[in-house]
Each structure stands twice: as structure tokens, then as C-alpha cells.
Amino acid sequence: MLRALSILFLLVASPAKSVAAETILLVGDSLSAAYGIPAEASWVALLQQRLLSEQYPYQLVNASISGDTSANARSRLPVALDKYRPAIVILQLGGNDGLRGLSLAEMKQNLAAMIELVAKRNGSSLLLGVHLPPNYGRRYTESFHGVYHELAEETGTPLVPSLVDGIGTRNELMQADGIHPNQKAQPVIAGRVWSGLQPLLNQKPGS
């Protein structure tokens, strides 16, 4: 069901020494909302497990909504920031903008505004890019993917270039709809996100 709220994943890492847990807020769409797969097998759950196993004092809150566009997410971000006061915000958005052929300029503007808002709250952002299916045309897909690189360069935001590059062309890693990765692909995605997230985990919020 489009725009159905995903299950909120909450994990508090419990290292041997007593440390107050910071919050990581994930704002995304169906690629982060465990669409079509068990929640416990999603890349988000795998990321939670890694935070715990490596004893990072962070709790992960998944506020992803299937079907969300960058505009939708931008409108709800202030409430989420007030509620969770995250040290790190992971932004996994844009796929629905691209699939619906929405303005790439507006998508970029929305994501830039979200990054700026996080910075004003003394948080750090991590941007997760995606690739569109090739049937959308080379010109549009290249421009779409370029938005993430432009934002990373212009704002200094760490970027994971694509969650699904090399996955979307492999049928054994995709669901029947050809858009969403299946359960087998989740460890690959979790590893990509971890590579972008880990450098932020040892930084002070807002640094």
C-alpha cells in the first residue's frame, strides 16, 4: 500500500561502558521500508545489528514511508527532527520523484533544504542515491543520478552513490516488480550504507 507507514525500527546499542545513545534517523521510501520482504531481513535491520555488534552507542529510528517523494519527506522532516533530535540523518529519497517524472530541480531543492535543516539542528546528513530503470532513457537517468553528486559536492554531504547499482540488472536480486530489491540483496545494500555511515559514527554531532 503506497504511503503506508513502515514499522519503526528502534535499536539501542548497549556497549560495556555506560554511554548515552545518540539517534540516527532514517528518512526514506519503500527501499528503506522493507517493501515486499520481512522487516527483520531488511538492510535497515541488518544495519541495526551491526551497530549493536560493533558497540556503537546509537539507536536507529526508521521513519521511511513507501511511496514518499522528496517533497513529502521535506514536509514531515521538521516534526521528526523535533521528536527524535537525531545526531545523524540518513536521507534515502528521490526514487519516487524519478519514477513519476517529477522535476529534478525541485527534487534537488527539496533534498538541499533537508540537508540544511539537519545542519541547523547540529546534525550530520548521509545521502543515499539510487538508480532508475534504464527504460527511463539515458538522458533523464544520468541527470537524475547527477543530482546526488551535485548535492554532495555543493553541500559537503557524504554520499553513497547508489543503493541498487549492479543489483537492479540481476533478476535473482530483484522482486517481481523489477523495482525493489529482494531479500537476497539486503546484505549488499547494508554494506554500502555502512561504508558511508561508519565515518560519521565517530564524529561529534554537527562536526
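None of the figures in this text is laboratory data; all of them are computed from the coordinates on show. This is a predicted model, so every value here is computed, not measured. Cβ sites come from the backbone with ideal geometry, for glycine too, and all protein chains shown count toward neighbours.
Does a label point 7 Å from the Cα of Glu153, set along Cα-to-beta-carbon, have any residues of the range 93-107 with amide nitrogen under 17 Å, and which are they? Answer for this model: 105. Here the convex hull built on the C-alpha positions of the chain has a volume of 109 cubic angstrom per residue. Couplings 3J(HN,Hα) for the range 148-159, derived from phi with the Karplus relation 6.51 cos²θ - 1.76 cosθ + 1.60 (θ = phi - 60°), are 5, 5, 4, 5, 4, 6, 6, 10, x, 8, x, 10 Hz, where x marks Gly and Pro.
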